[in-house]
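The values are calculated or read from the model by the stated rules, or taken from the named source; none is laboratory data. Note that this is a predicted model, so its numbers are computed, not measured. Cβ atoms come from the backbone with ideal geometry, glycine included; neighbour counts cover every protein chain shown.
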Amino acid sequence: MDEIKQSIAKSIYTAIEEKVDLNDIYDKIEIPKDKKNGDFAYPCFNLAKILKNSPVNIANDIYAKITKDEKIGKVEVVNGFLNFYINDKYIVNKTLKEILSKKEDYGKETGKENINIIIEYSSPNIAKPFHLGHFRNTVLGKALYNLYEALGYNVIAINHLGDWGRQFGLLIEGYNRYKDEYDIEKEPLDALSKIYVRISKLAKEDESVMDIARENFKRLEQGDKELLKLWQYFRDVSLKEYNRIYELLGSKFDSYNGEAFYIDKMDEVIDILNQKNVLVESNGAKVVEVGDNIPPCIIFTSKGTTIYATRDLAAILYRARTYDFDKCIYVTATEQILHFKQIFEVAKYLVDEKYQKGLVHVAYGMIRLKSGKMSTREGNVIYVNDLINKAISKAKNIILEKNNNLEDIDDVSKKVGIGALIFNYLKSNKNKDIIFDLDESLRFDGETGPYVQYTYARTNSILKKADFDIKDIKVEEIDFSVLEKNEEVELIKELEKFSEIINKSAEEYEPSILTRYLIDVATQFSRFYNECNVLSVEDEKLKLARCILVYSTGLVIKNGLKLIGVECPEKM
């Protein structure tokens, strides 16, 4: 409804003789919680000082001067508010014709192909199985990728693997000590994870083990061939497993350049910081001061080794040169908020202002078990491979209880099981911690992925029973004016919001806006179908128009779920 909102803003702007900025008027237009107060409302209180009059008088004056167009059906004045009611016939006709015209492209935009958006997401630490925490990161990053791509941007997906750091010095020591006790060839990541947990516990008890780990990492940084060969093995077996999971989740990356890629690029970062006289010594380490309220950013430690901040800074410099990005979005947990504040501040010494301002950290809350926080070192995690298999198996059992004659049950179960997981972790605000609950995710009623997927399948079933085929439809011959019932109009108004929702989800880096919207569409469709007969209505014009509405609803749901990475079964 952005077009209508712009029209309202212009009408107010003209009525007050351009005494307030048009964009300011637009920004203050609200959507009332109670639909009785209109589809849009403009509060006139902010105009009181400017126009030197009471909000009530200002609202009445604007009402007297305002010019309505075909988009606005009615305007009311209530206690200093201007309430605008959309012309239902206009919105019904405009929305359904646009959906039929654009189909799968409905809600999408073009024209921003030269604007480069980097999204760094997933980024697991190698040599560890893909766990539940990586899952939320991956589905959130993929959804943001899809949203920006739908808006026409050139999007680059980067998987900044955690493939460097002191933990590999620790893992190498554990591998050398314990490798013969595990079947590493059969289950490499499981074995390496157990080795890491074991050596971590030993290092807590014996500081000399941690000293060896530090020395191992220092040798890695110095290019020790034997240790680098072992490190490469850890990386290769990790990527093989990760890519299998990425294929299930529909994630593809343009680059897997992780921390190790920037080993030979860190010296330039240090040189630039030295040249600008911002690299100073602190307790034996080299740091950059970043402000009174933020701890200094460590560039390399008192032991002479770099840390991930150094590598992240090298990555910013490399990406600015390589991709000329307008935005570089980092998707990581809230635990890294301080880290990104530090490196974004230091980045001003390395890259132009355009690039520094384009750095964005999208933080997300933790996924917690009912028993508490997950920890790889403590061995208290849920692995994604096991989780996906369990979700698919449970989905299959639930579906068979509802429909034991369903064809392609395995494919449907896969889409429902994986879709339930993705939807569940994208329906909540990204900053919110989530308590893992598989059974809740797989419910077929309520605010879940299976409920929205089922609504889409239901639209297909209705259209099949109505013998409706979109290929036979001639838009110019359809009379949309027959769609007058409140349930019809309200559903169409929901469908009209789709493009606005995509934009808002991308602007706020918040896929839950889209996910909650899809729940609203599914709920509104249920109200429509319960109140408006589709299959046995006698009026053929009305039946056709309602079938178009059913088709349009299914299309928006399918397009919307695809944007968050969820596939839709045609039948359920």
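Side notes on the structure shown:
- Residue in the range 289-296 that is surrounded by 19 or more Cβ atoms within 10 Å (Cβ to Cβ) and among the polar types (S, T, N, Q) present: no
- Residue in the range 338-347 that is touching a residue at least 60 places away in the same chain (Cβ under 8 Å), surrounded by fewer than 21 Cβ atoms within 10 Å (Cβ to Cβ) and touching a strand residue (DSSP E or B) at 6+ places or on another chain (Cβ under 9 Å) present: no
- Elements of type strands (runs of 3 or more DSSP E) in the range 283-366, at least 2 residues being over 22 Å from the mean Cα position of the chain (by Cα): 285-288, 297-300
- Comparison of LEU202, LEU227, LEU220, LEU189 shows that the only residue that is touching a residue at least 60 places away in the same chain (Cβ under 8 Å) and either part of a helix (DSSP H, G or I) or under 32 Å from the mean Cα position of the chain (by Cα) (or both) is LEU189.
- Count of the range 114-149 residues which are buried (at least 23 other Cβ atoms within 10 Å of the Cβ) and of a type in the set (Gly, Ala, Ser): 4
- Residue match in the range 78-88 (condition: in a loop (DSSP other than H, G, I, E, B), among the small types (Gly, Ala, Ser) and over 20 Å from ASN503 (Cβ atoms)): yes
- Some residue of the range 430-448 being in contact with a Leu (Cβ under 8 Å, 6 or more places away or on another chain), assigned to a helix (DSSP H, G or I) and more than 30 Å from LYS89 (Cβ to Cβ): yes
- Test result for VAL56, crowded, with 18+ Cβ neighbours inside 10 Å and either outside the structural domain of VAL482 (by TED's automatic domain parsing) or farther than 30 Å from LYS471 by Cβ (or both): no
- Selection status of TYR148, at pLDDT 95 or above and assigned by TED's automatic domain parsing to the domain that holds TYR13: no
- The combined condition, being touching a residue at least 60 places away in the same chain (Cβ under 8 Å), surrounded by 13 or more Cβ atoms within 10 Å (Cβ to Cβ) and out of contact with any Lys or Arg (no Cβ under 6 Å at 6 or more places or on another chain), is not fulfilled by LEU51.
- Taken together, ARG443, ARG458 contain a single residue that is modelled with pLDDT of 95 or more, of a type in the set (D, E, K, R) and either closer than 22 Å to LEU132 by Cβ or out of contact with any helix residue (DSSP H, G or I) (no Cβ under 7 Å at 6 or more places or on another chain) (or both), which is ARG458.
- Qualifying positions in the range 1-34 - under 16 Å from LEU82 (Cα atoms) and among the polar types (S, T, N, Q): GLN6, SER7, SER11, THR14
- The set of residues in the range 151-168 that are out of contact with any Gly (no Cβ under 6 Å at 6 or more places or on another chain) and at pLDDT below 95 comprises GLY162, TRP164, GLY165, ARG166, GLN167, PHE168.
- Test: residue in the range 488-502 that is crowded, with 19+ Cβ neighbours inside 10 Å, within 20 Å of GLY250 (Cβ to Cβ) and touching a helix residue (DSSP H, G or I) at 6+ places or on another chain (Cβ under 7 Å): yes
- Test: residue in the range 252-272 that is in contact with a strand residue (DSSP E or B) (Cβ under 8 Å, 6 or more places away or on another chain), surrounded by 13 or more Cβ atoms within 10 Å (Cβ to Cβ) and without any contact (Cβ under 8 Å) to a residue 24 or more places away in the chain: no
Listed here are the residues, each with its yes/no results for (1) of a type outside the set (Ser, Thr, Tyr); (2) at pLDDT 95 or above; (3) not assigned by TED's automatic domain parsing to the domain that holds GLY449.
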{"position": "HIS339", "(1), (2), (3)": "yes, yes, yes"}
{"position": "GLU353", "(1), (2), (3)": "yes, yes, yes"}
{"position": "GLN356", "(1), (2), (3)": "yes, yes, yes"}
{"position": "ILE388", "(1), (2), (3)": "yes, no, no"}
{"position": "LYS415", "(1), (2), (3)": "yes, yes, no"}
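- Within the range 246-257, the set of residues being modelled with pLDDT under 95 and either within 24 Å of LEU350 (Cβ to Cβ) or among the aliphatic types (A, V, I, L, M) (or both) comprises LEU248, LEU249.
- Cβ-Cβ under 6 Å pairs, at least 6 apart or on other chains, the range 534-549 side outside the structural domain of LEU483 (by TED's automatic domain parsing) and farther than 12 Å from ALA466 by Cα, far side surrounded by fewer than 19 Cβ atoms within 10 Å (Cβ to Cβ) and modelled with pLDDT under 95: none
- Residues of the range 316-325 satisfying the condition of being farther than 15 Å from TYR145 by Cβ and out of contact with any Cys (no Cβ under 9 Å at 6 or more places or on another chain): LEU317, TYR318, ARG321, THR322, ASP324
For every residue, the table says whether it meets (1) surrounded by 14 or more Cβ atoms within 10 Å (Cβ to Cβ); (2) hydroxyl-bearing (Ser, Thr, Tyr); (3) out of contact with any Asp or Glu (no Cβ under 7 Å at 6 or more places or on another chain).
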site: ASN46; (1), (2), (3): yes, no, yes
site: ALA64; (1), (2), (3): no, no, yes
site: ASN79; (1), (2), (3): no, no, yes
site: ASN83; (1), (2), (3): yes, no, no
site: ASN87; (1), (2), (3): yes, no, no
site: ASN93; (1), (2), (3): yes, no, yes
site: LYS102; (1), (2), (3): yes, no, yes
site: GLY107; (1), (2), (3): yes, no, yes
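- Within the range 162-178, one or more residues are farther than 20 Å from TYR242 by Cα and of a type in the set (A, V, I, L, M, F, W, C).
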